[in-house]
Amino acid sequence: MEGDFIKINDWLRPLSWIYGLGVRFRNMLFDYGILKSQVFDVPVISVGNITVGGTGKTPHVEYLARLLQKKMRVAVLSRGYKRKTKGFLLADDSTTASQIGDEPYQMKQKFPSLIVAVDKHRREGIELLTKQDKQLDVVLLDDAFQHRYVKPGINILLVDYHRLIIYDALLPAGRLREPLSGKNRADIIIVTKCPKDLKPMEYRVITKAMDLFPYQRLYFTTLSYGTMYALFAQKNIRDIQKLRADEHVLLLMGIASPQQLIKDLKPLTPHLTPLSFPDHHSFSRKDIRRINETFATMPEPKCIITTEKDAARLKLVGNSLSEEVRQNIYVLPVEIQFMLEQETIFNENIIGYVRKNSRNSILAKAKDDHKSQDSHRAWDGTRTISFRNY
C-alpha cells in the first residue's frame with residue numbers, strides 16, 4: 001500500500017528532521033500551556049488535516065453544515081485561502097470568491113442561510129461571530145486542525161486514502177505538516193476518498209495501522225456525485241451517470257488530489273481528458289487560452305466537467321472563456337457518504353455534542369427530551385464516553 005500512494009524523497013529526510021524539531025517544540029508549548037488554547041462557550045467543531053494538499057475538507061464541512069442547520073444556527077469560519085482581502089469578513093449574497101476564497105464562496109452559494117466568515121486568526125473570528133450573533137449554536141472551523149490557539153469541542157482529522165499519513169514523512173521529504181503523533185489530538189479520524197469497492201481486509205489493515213487510542217473513532221467516507229449543472233447556461237442540468245458513450249469529456253480540475261475523481265469518472269466515458277492545475281489555482285490568460293484551445297480541438301459530441309471549487313474561480317474569468325466553452329461547461333457537485341453504515345452513529349454524536357454544549361436553552365431542552373438509552377450517543381465535551389462496536 002505504501003508504494004502505491006506515497007512518494008518519499010529520502011535525500012530530504014535530514015531537512016525533515018530539522019523541520020520536525022520546530023513543529024514538535026511548538027506543539028510542546030501548547031501541550032504544557034505556555035502557549036494558550038482558548039475554549040469558547042459555544043460548541044466548536046474543527047475539521048482539518050496534517051498533510052499538504054486536499055483531503056476533502058470542504059465536502060465534509062458541508063456535510064456537517066447540512067446536518068446541523070436543519071435545527072440549529074450554524075457558522076463556518078475559514079481562513080479564506082488566497083483571498084484578496086484581510087481581517088474578519090462576513091459573507092453576504094454579494095460577496096465574491098476573490099473576497100473570501102473559493103471554498104467559503106462555494107459554501108455560501110450552496111447554503112445561503114449559512115453564516116460564512118473568514119479570518120486568519122480563528123480565535124478573533126469566533127469572538128466576533130459570537131458577539132454579533134447571540135443565537136449562534138455552533139461554529140465549524142474549516143482547515144483548523146493545526147490552529148491550536150482554539151481548543152475545539154470536537155477535533156476531526158481527515159486523512160486521504162490515497163496518501164495515508166501512516167506511510168508518509170514530514171516535509172520536505174514527504175507531505176506531513178507535523179509528526180504522525182499529531183493525530184493523537186483528534187477525537188474523530190476520517191479516511192476520505194475511499195474507493196466504493198474497498199475490501200474488508202483493507203478496512204482492517206488501515207484500522208490496525210492507524211493505531212488509535214480508545215477515545216478516538218475511525219470512519220471511512222467515499223465521494224458521491226450530484227446532478228451536474230451548467231456554469232453559465234441557465235436551467236441546464238445533466239445526470240453524470242448518463243453521459244453519452246461517444247461523448248468526449250474535458251475534466252478541468254484545480255484540486256490537490258484528483259485521483260479518485262478521475263477514477264470515478266473513467267468508467268462513465270471512454271473519452272476522458274484530464275486537464276489539471278494546482279490547488280486553488282488562479283486562472284491566468286495563458287491558462288484560459290489552453291482551456292479554449294484544448295476544448296476546440298476535441299471532437300463532437302463534447303463537454304467540460306469541472307468542480308464546484310474551480311467553478312468559483314472560473315466565474316471570475318468567465319468573459320475570457322470562448323463561447324463554445326461557456327455553453328458546454330458543467331459543474332459536478334461532490335458530497336461524501338459514510339461507509340460501513342457509520343453515518344447514523346456519526347450524526348448522533350455530532351448533534352448530541354452540540355445540544356449538550358449549546359448556549360441556546362431550546363436546544364438544551366431538546367437534548368434533555370431526546371436522551372437515549374444507548375450509551376454510545378454520549379459525549380463528555382471532547383471525548384467519547386462509549387461507542388457502538390464495529
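The values are calculated or read from the model by the stated rules, or taken from the named source; none is laboratory data. The model shown is predicted, which means the values in this text are computed figures rather than measured ones. Cβ placement follows ideal geometry from the backbone for every residue including glycine, while neighbour counts extend to all protein chains displayed. Protein only, heavy atoms only, side chains kept; ligands, DNA and RNA dropped before computing areas. Shrake-Rupley method; radii C 1.70, N 1.55, O 1.52, S 1.80 Å.
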Between a first residue in the range 147-163 that is closer than 22 Å to Lys36 by Cβ and at pLDDT below 95 and a second residue that is hydroxyl-bearing (Ser, Thr, Tyr) and open to solvent by less than 10 Å² (accessible area, probe 1.4 Å), which pairs have beta carbons less than 9 Å apart while being 6 or more apart in sequence or on different chains?
-> His147/Ser46
Looking at Leu261, Leu265, Leu252, which one is within 27 Å of Gly56 (Cβ to Cβ) and either open to solvent by 30 Å² or more (accessible area, probe 1.4 Å) or in contact with a helix residue (DSSP H, G or I) (Cβ under 7 Å, 6 or more places away or on another chain) (or both)?
-> Leu252
So how many residues does the range 287-330 have that are under 19 Å from Lys108 (Cβ atoms), surrounded by 22 or more Cβ atoms within 10 Å (Cβ to Cβ) and touching a Leu at 6+ places or on another chain (Cβ under 9 Å)?
-> 6
Would you be able to say whether some residue in the range 61-68 is assigned to a loop (DSSP other than H, G, I, E, B) and either farther than 30 Å from Leu170 by Cβ or open to solvent by less than 10 Å² (accessible area, probe 1.4 Å) (or both)?
-> no
Could you please let me know if Phe88 is open to solvent by 10 Å² or more (accessible area, probe 1.4 Å), more than 30 Å from Gln135 (Cβ to Cβ) and at pLDDT 95 or above?
-> no
Kindly check whether there is at least one residue in the range 255-269 that is closer than 28 Å to Asp10 by Cβ, assigned to a helix (DSSP H, G or I), among the small types (Gly, Ala, Ser) and in contact (Cβ under 8 Å) with a residue 24 or more places away in the chain.
-> no
Given (1) at pLDDT 95 or above; (2) among the β-branched types (Val, Ile, Thr); (3) open to solvent by 10 Å² or more (accessible area, probe 1.4 Å), index of the condition Thr96 fails | (1)
Does the range 90-126 hold any residues that are free of Cβ contacts under 8 Å to residues at least 24 places away in the same chain and either under 18 Å from Arg66 (Cβ atoms) or of a type in the set (D, E, K, R) (or both), and which are they?
-> Asp92, Asp93, Lys108, Pro112
The correct count of residues that are at pLDDT 95 or above and open to solvent by 50 Å² or more (accessible area, probe 1.4 Å) in the range 40-60 is 0
Given (1) of a type outside the set (A, V, I, L, M); (2) under 22 Å from Tyr353 (Cα atoms); (3) at pLDDT 95 or above, index of the condition Gln135 fails = (3)
What is the residue count in the range 76-100 for residues that are touching a Pro at 6+ places or on another chain (Cβ under 9 Å) and in a helix (DSSP H, G or I)?
-> 1
Among (1) acidic (Asp, Glu); (2) farther than 30 Å from Asn328 by Cα; (3) surrounded by fewer than 18 Cβ atoms within 10 Å (Cβ to Cβ) - the single one Asp239 does not satisfy = (2)
In the range 322-363, which residue that is assigned to a strand (DSSP E or B) and of a type outside the set (Ser, Thr, Tyr) is farthest from the chain's Cα centre (by Cα)?
-> Ile329
